[in-house]
Amino acid sequence: MLAGSTCGCAQWLPSRKEPEASQPTLLHREIASDTVGVETIFLRLSSVESEQLRDLWAYADQQILPPEQRMLLDQNGIRVGKFAGQLPSIAQAWVDRNAARIQNDPMEQAGVVADVSSFSELWRCRADQRKVLTVRNLSKETVNLFYNEDGFRGGQFSSPHFLFSLYAKPLGPNSAQILLRPEMQYGESRRSVVAKDSAIRTQETRESIRWDSLSLVLSMQQGDCLILSGSPQPRGIGEYFFQTRSKEGEIQDVILLVRIAQLNAPDEFAQGQISNASDKTKFNRR
């Protein structure tokens, strides 16, 4: 696999593709005008790289959000900015080193080095389709989590699964709207009966929290990239979303990069799954 090039518009490789849809359109190359290709990657930072975060944030536009929302995000330990057009060289170097680690380290390839995996994902988004970006799934732990949303809230949560819900839709030939919402599922699974389309089936659900007031709803140009990280002093939900613990017990900072990779996305995204059929076990682990 190739590491990402120095240009911010290059793909972050190696990547995992989405599992095939239940009704895929794999046999033609029709352009889907309602589709946005969104690329995401969580990067775990070494202690040296964490010291460079301040320099990286100097390149980010943090005025993309109104002051009130930036303040609320900061109260919850989250920082958001945007790079226009290409990644700064600092972030690109991190992407390249991450790709090299995955290429050369079987433990990284297996995703067992830490509780945050640094694979890139290429999502094929339509307006009404929710994509789930898993951050951390602490199935054997109980955490004390407190946050600010309509007041100071929180408590103790068992088996937490921290995630982002992602939605995207095109706004025109060169731009798209993206929605990114932090969420948490927790507790024991409960089985329920659901009636839909004249059929009855059972499903398992868990308690969940959706932080709607912390949702990001932004218009972005093709090639633009969001950066999300924890605040300089870890706190709130940012502490759980943007820090990870390695198998050796080391606490590492995490950043999330979200880029508009392609608009009017062709079905070649899905066709790539055919050519990589032999790699399905490696890529399709969700």
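A few comments on the model shown:
- Scanning the range 31-44 finds one or more residues that are hydroxyl-bearing (Ser, Thr, Tyr) and either surrounded by 15 or more Cβ atoms within 10 Å (Cβ to Cβ) or under 19 Å from the mean Cα position of the chain (by Cα) (or both).
- Picking from residues in the range 200-232 that are within 19 Å of GLN243 (Cα to Cα) and not aliphatic (A, V, I, L, M), the one that is surrounded by the fewest Cβ atoms within 10 Å (Cβ to Cβ) is PRO232.
- Residues in the range 113-130 that are within 20 Å of GLN222 (Cα to Cα), among the polar types (S, T, N, Q) and assigned to a loop (DSSP other than H, G, I, E, B): GLN129 only.
- Residue ID - surrounded by the most Cβ atoms within 10 Å (Cβ to Cβ), chosen from residues in the range 118-142 that are among the charged types (D, E, K, R) and within 14 Å of the chain's Cα centre (by Cα): ARG136
- The range 223-264: number of residues that are farther than 17 Å from GLY77 by Cβ and modelled with pLDDT under 90: 8
- Every residue from the range 67-81 that is of a type in the set (Lys, Arg) and either crowded, with 20+ Cβ neighbours inside 10 Å or touching a Pro at 6+ places or on another chain (Cβ under 9 Å) (or both): ARG79
- Odd one out for ILE178 among (1) over 15 Å from the mean Cα position of the chain (by Cα); (2) under 22 Å from LEU87 (Cα atoms); (3) among the β-branched types (Val, Ile, Thr): (1)
- Listed by position, the strands (runs of 3 or more DSSP E) contained in the range 140-188 that have at least 1 residues being touching a residue at least 40 places away in the same chain (Cβ under 8 Å) are 142-148, 161-170.
- When ASP115, ASP105, ASP55 are checked against the criterion of being more than 18 Å from ILE255 (Cα to Cα), among the charged types (D, E, K, R) and either touching a Ser or Thr at 6+ places or on another chain (Cβ under 8 Å) or surrounded by fewer than 17 Cβ atoms within 10 Å (Cβ to Cβ) (or both), a single residue qualifies: ASP105.
- Test: residue in the range 111-132 that is under 15 Å from LEU214 (Cβ atoms) and in contact (Cβ under 8 Å) with a residue 60 or more places away in the chain: no
- Residue match in the range 149-158 (condition: within 24 Å of LEU65 (Cα to Cα), surrounded by 13 or more Cβ atoms within 10 Å (Cβ to Cβ) and at pLDDT below 95): yes
- Subset of the range 189-214 [within 30 Å of GLY151 (Cα to Cα), charged (D, E, K, R) and in a loop (DSSP other than H, G, I, E, B)]: none
- Wholly enclosed helices (runs of 4 or more DSSP H) of the range 37-111 bearing at least 1 residues in contact with a helix residue (DSSP H, G or I) (Cβ under 7 Å, 6 or more places away or on another chain) and of a type in the set (Lys, Arg): 89-104
The values are calculated or read from the model by the stated rules, or taken from the named source; none is laboratory data. Note that the coordinates shown come from a computational prediction; the quantities given were computed from them, not determined experimentally. Methodologically, a virtual Cβ is constructed for each residue, glycine included, from the backbone with ideal geometry; neighbour enumeration extends over all protein chains shown.
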